[in-house]
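The values are calculated or read from the model by the stated rules, or taken from the named source; none is laboratory data. No experiment lies behind these values; they were computed from the predicted model shown. Cβ placement follows ideal geometry from the backbone for every residue including glycine, while neighbour counts extend to all protein chains displayed.
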């Protein structure tokens, strides 16, 4: 029996068939994408048969294909000779694929010139004919690598492909579908909906509207809704990327979300955006995509959500719609942030921007990486070295905090109508503040350096008091240990110098640590000289006068360390007290050194060797205390200026 659609066609009113033909074209689009995935993964598995064959049965069923034998194609595919692949049922697969491409052209052929340009339809027919001639296998069961690429590639600059043709046809069919729309639901074009569909479409579109201002004029987020049999179909074009399309199928309380993209990382990010709801993802796409190295691929993820009622169903659709703006230009934003932080951190920043309804499009509208580099050029004294990122200078936490500020300020500023020059000024000021705060964190290496100096002071004091000798210690070994500590102190100084060279207003920290490092140099020299003292060195000198110098030295090093630790806590009063202690000890050290020199001059039995070594040891210890005193005073000056 002839169907109504056949009768309508015979009567010459083919445009009345357009809604049904459009539905058939969209269904063919879904099947074609399944066949693209099937061929891509068949080649991938043939190239690396050690991997488990991905299971596309879920995608096959969602595409409405009942042929279960296709599930064996990937696992049984193998490499042939040269560029040949042995793909079971390859001729059948290619024929069905190209047949579905033809079904997508059918409604464009039927539509009148007021809806579709006839020349565009003719071009689609020409491209399909060329693909048929080039891609159909000569024998069933084999397919060349070139033919697979001609069917599945998404790179326009290389050559035309069936995939590119399907993408272009999908856009044309969407435009035709929009022209057929007889209804509008909060900005979404719709036709053929039931009364129960309208609240669901409305929930989704309200979610889109909730965040769409964050796209800042970028095209995309257009929504089309229709019903095909028992299924409500909602489609959103997201952005300009040709293969980036979201299709939602709603059957009663069950939602199937299909997202296609040329960036597998963005698909994984999309999945993370829906984590508040228990969506079950067929993760084959993301896993297989990481195994594929062939250029020009597109990827697909399919998620299923089972709502417990209409209210939860509407909430899910609303949330889904509100997340789509964060996919626009996502890969461009990720690459921008990668200029300044690690890969994982860049994706974390994009997640933060989505969770806080800030987005990343504002940053891109403000100039992206160029704006941040301009701010860095205005703030940082020395350009970054090749390969060095912002987080290498500021640290992970501070760099992330600054980029949070950049993302929020760009987005909020543009939405509030503030001038871009003002937003850039605010970002430069924030970067300067971050570097100033980072300068305060330079007290960390300064405190590590102070700890090393304190260790050297205690070791030297023990040598002066003779306690190490009493335990059988080796003076030359202790001198070697002092040298190793002095090298550790130098490493800390070099680290701080490198950081200070890029920071504004951080020169004081370099001066502090370099003056304290003079103390480390002096103590290492004193330890070396002490290891060369002859056996006739007077015990009274060691146990009395030099012991006093060693005690003052340790108390000075401990007080200096206390001043640095207090500065890290931003306890100005404690800093002042500790520095005052250092200054008092410096006066005591002057007297102690004079006592040693006086004793040497007055003692006739002292040999010239002992005189020279002892006076030089005393001078090195006194110089070390002077250096620590100067460093402490510089620290006090820095802290009081900051407090003012």
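The condition (being in a helix (DSSP H, G or I) and either free of Cβ contacts under 8 Å to residues at least 12 places away in the same chain or outside the structural domain of residue 231 (by TED's automatic domain parsing) (or both)) is satisfied by just one residue among 115, 60, 81: 60. For the range 401-422, filtered to residues that are in contact with a helix residue (DSSP H, G or I) (Cβ under 6 Å, 6 or more places away or on another chain) and free of Cβ contacts under 8 Å to residues at least 60 places away in the same chain, the residue that is surrounded by the most Cβ atoms within 10 Å (Cβ to Cβ) is 410.
For the subset of the range 472-508 comprising residues that are assigned to a loop (DSSP other than H, G, I, E, B) and surrounded by fewer than 16 Cβ atoms within 10 Å (Cβ to Cβ), which member is modelled with the highest pLDDT? Across the range 472-508, the extreme among qualifying residues is 501. Only one of the numbered conditions (1) surrounded by fewer than 19 Cβ atoms within 10 Å (Cβ to Cβ); (2) in contact with a helix residue (DSSP H, G or I) (Cβ under 7 Å, 6 or more places away or on another chain); (3) under 17 Å from residue 148 (Cβ atoms) is violated by residue 56, and that is (1).
So, in the range 161-185, exactly how many residues are more than 30 Å from residue 127 (Cβ to Cβ) and at pLDDT 90 or above? Adding up the residues that qualify gives 1.
Under the condition of being out of contact with any helix residue (DSSP H, G or I) (no Cβ under 8 Å at 6 or more places or on another chain), in contact (Cβ under 8 Å) with a residue 60 or more places away in the chain and closer than 17 Å to residue 555 by Cβ, the residues counted in the range 587-644 number 0.
Here's the yes/no breakdown for (1) part of a helix (DSSP H, G or I); (2) assigned by TED's automatic domain parsing to the domain that holds residue 273; (3) modelled with pLDDT of 85 or more:
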{"position": "289", "(1), (2), (3)": "yes, yes, no"}
{"position": "294", "(1), (2), (3)": "no, yes, no"}
{"position": "311", "(1), (2), (3)": "yes, yes, yes"}
{"position": "370", "(1), (2), (3)": "yes, no, yes"}
{"position": "402", "(1), (2), (3)": "yes, no, yes"}
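Residue 71 is checked against (1) surrounded by fewer than 19 Cβ atoms within 10 Å (Cβ to Cβ); (2) at pLDDT 90 or above; (3) more than 37 Å from the chain's Cα centre (by Cα) and fails just one. What number does that condition carry? Here residue 71 meets the rest and fails (3). For the condition over 49 Å from the mean Cα position of the chain (by Cα), modelled with pLDDT of 90 or more and in a helix (DSSP H, G or I), residue 541 does not qualify. Counting only strands (runs of 3 or more DSSP E) that sit wholly inside the range 155-232, those with at least 2 residues that are surrounded by 16 or more Cβ atoms within 10 Å (Cβ to Cβ) and assigned by TED's automatic domain parsing to the domain that holds residue 245 are 188-191, 223-228.
None of 396, 374, 391 is at pLDDT below 95, touching a helix residue (DSSP H, G or I) at 6+ places or on another chain (Cβ under 8 Å) and surrounded by 18 or more Cβ atoms within 10 Å (Cβ to Cβ) except 391.
The sole residue among 555, 511 that is assigned to a helix (DSSP H, G or I), surrounded by fewer than 18 Cβ atoms within 10 Å (Cβ to Cβ) and modelled with pLDDT of 85 or more is 511. When we screen 100, 123, 69 for residues that are farther than 22 Å from residue 34 by Cβ, assigned to a helix (DSSP H, G or I) and out of contact with any strand residue (DSSP E or B) (no Cβ under 9 Å at 6 or more places or on another chain), the only hit is 123.
Out of curiosity, is residue 118 loosely packed, with under 14 Cβ neighbours inside 10 Å, closer than 28 Å to residue 173 by Cα and either touching a strand residue (DSSP E or B) at 6+ places or on another chain (Cβ under 8 Å) or modelled with pLDDT under 90 (or both)? Judged against the criteria, residue 118 is a match. Filtering the range 566-580 to residues that are free of Cβ contacts under 8 Å to residues at least 24 places away in the same chain and part of a helix (DSSP H, G or I) leaves 566, 573, 574, 577, 580.
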